[in-house]
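Peer 1: Would you mind keeping the following structure in view while I ask a few things?
The values are calculated or read from the model by the stated rules, or taken from the named source; none is laboratory data. All values reported here derive from a predicted model rather than from experimental measurement. Please note: Cβ atoms are built from the backbone with ideal geometry, for glycine as well, and neighbour counts cover all protein chains shown.
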Amino acid sequence: MNKHFFLIVFLMLSVNVIGFCQSSVDTLEAEKYNTDSLNGIYIPKDLNDCFNQIDGFWNDSIKNQVKSWTEEEFCANAHFGFGMWMRNNWGLWGGSRLQAYFNDKGIYHPDDMSGIILTSYYRYLKGDKIELKKQIKSYKTYWEKPDETQSFKAKTRNGKIFVDIDSALQVSDSIVEIDFIGFEKIPRQIKEFRNIKEINIESCYKIDIENAIKQISILESLEYISFFDNGFTEYPLSLGNLTQINKLWISGDSIKTLPSSIINLNSLVELNITECPNLQLDTLFSMISRLKNLRELDLSENGLSDLPMSLTKLTQLKELWLDDNTFTSIPESVKSLSNLEYLRFFSNNIDSLNITSGDLKSLKGIDLCYNKFDTFPMELTNLNNLESVVMWYNEISKLPEDIARLKNLKRLNLQHNNLDEQQKDKLKSQLPNTKLEL
């Protein structure tokens, strides 16, 4: 037996001890997609949470051994060991919030889910770009039949999947999610899905989007609609007729702004506009700044380096995601968001902070992973309500002497920086009540 076999068995056993405390109480079918634990085992909520859990499972010796392998070796050998443990215990087969997270991204097979987790964790350990969207696209391409130009997926509230509309119509009242991929028009039977909550329109390059929105707007139960990789250059005024939705995601288009009718979406609490590199920010924000109930805004992967002051009109904004842009500092408009609680600048070019007392008064969590810091930014002490700082994969080699001023911090993640053991030990003594991930 080779070393791969022994290590994978050990990796599996190193987490199996957690599973021995299983509860005999079955989780109700509808609840398991929202609960944070199943049968006594914590279920990660997303990919980053998977990283946190695996980091806790494996010690440095195991992680170093994993890093000594190639990506292909690790994923192939872990598939039937730790990969099987994840599929069985994290509900990737039976249903869980982690399964729902992947389903929302168009990944439905448990093997694909565990494969993405393993690949991404390996790249996380090595400090490489995770390229989640590229991974997802490769799995979607694999499942597409060569002679098919479109695909349909419908999901019931209990997680059952249907891949043709006729079968889905047989249980139309139970369908809560539908994906239309590669369609030229929305089927007229869409009106039969009276309890639909989510619709995804993806890679529908030839679709008449105005007519599609007209059909969808009659679905009173609809809460969330996404448009992925359709190549649209603009959206029609009829987008404003979707007044029932509370979440909108637009990605992979060539749009410059949104139609003025967007202000009619009074129920909208979450807006995601990603991978749209041609955005004209002043025009765009003149529209979305009037969405008074907006709580979450994601503008990742748009090549942004600044944001206009009209952002400050979003006074109810709680979360702001700005991943994979080109920011070198925090814009003044962002610092003025007095009710913001979570701020994420994952993978930008920031090397210092310009935060002063009075900025970001309500901020509780900040993510600055994959940036350019070489010294820990003590300006964070100006954020009186800050509870969580995540800064893995920077170049931090030095900690300030007065870092103990962060005594109210509940979590500090500085993994994969350049701190030596002496600095890590000092940090542990200075912040004894903080959960440190070093």
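Peer 1: Within segment 291-305, work out how many residues are out of contact with any Phe, Trp or Tyr (no Cβ under 6 Å at 6 or more places or on another chain) and surrounded by 17 or more Cβ atoms within 10 Å (Cβ to Cβ).
Peer 2: 8
Peer 1: Given the residues Ile136, Ile107, which is the only one that is in a loop (DSSP other than H, G, I, E, B), under 24 Å from Glu202 (Cα atoms) and outside the structural domain of Lys185 (by TED's automatic domain parsing)?
Peer 2: Answer to the check: Ile107.
Peer 1: Condition check: touching a residue at least 60 places away in the same chain (Cβ under 8 Å), among the acidic types (Asp, Glu) and surrounded by fewer than 19 Cβ atoms within 10 Å (Cβ to Cβ). Does Glu401 satisfy that?
Peer 2: Taking the combined requirement at face value, the residue does not satisfy it.
Peer 1: Select from segment 105-147 the residues that are acidic (Asp, Glu) and touching a residue at least 24 places away in the same chain (Cβ under 8 Å) and write down the one among them that is farthest from Arg87 (Cα to Cα).
Peer 2: It comes out as Asp112.
Peer 1: Now for a separate question. Test each condition in (1) surrounded by 20 or more Cβ atoms within 10 Å (Cβ to Cβ); (2) under 30 Å from Tyr224 (Cα atoms); (3) within 18 Å of the chain's Cα centre (by Cα) for Glu131 and report the one that comes out false.
Peer 2: Glu131 satisfies all of (1) surrounded by 20 or more Cβ atoms within 10 Å (Cβ to Cβ); (2) under 30 Å from Tyr224 (Cα atoms); (3) within 18 Å of the chain's Cα centre (by Cα) except (1).
Peer 1: Also, I was wondering about something else. For segment 147-157, enumerate the residues that are modelled with pLDDT under 90 and either among the charged types (D, E, K, R) or in the same structural domain as Asp112 (by TED's automatic domain parsing) (or both).
Peer 2: Asp147, Glu148, Arg157
Peer 1: Here's something else I'd like to know. Looking at Ala168, Ala100, which one is assigned by TED's automatic domain parsing to the domain that holds Ile201, buried (at least 16 other Cβ atoms within 10 Å of the Cβ) and not hydroxyl-bearing (Ser, Thr, Tyr)?
Peer 2: Matching residue, one of Ala168, Ala100: Ala168.
Peer 1: Taking only segment 140-196 into account, find how many residues are more than 23 Å from the chain's Cα centre (by Cα), in a helix (DSSP H, G or I) and among the hydroxyl-bearing types (Ser, Thr, Tyr).
Peer 2: The number of residues fulfilling the criteria is 3.
Peer 1: Within segment 359-380, take every residue that is under 17 Å from Asn413 (Cβ atoms) and polar (S, T, N, Q) and give me the one that is surrounded by the fewest Cβ atoms within 10 Å (Cβ to Cβ).
Peer 2: The qualifying residue surrounded by the fewest Cβ atoms within 10 Å (Cβ to Cβ) is Thr375.
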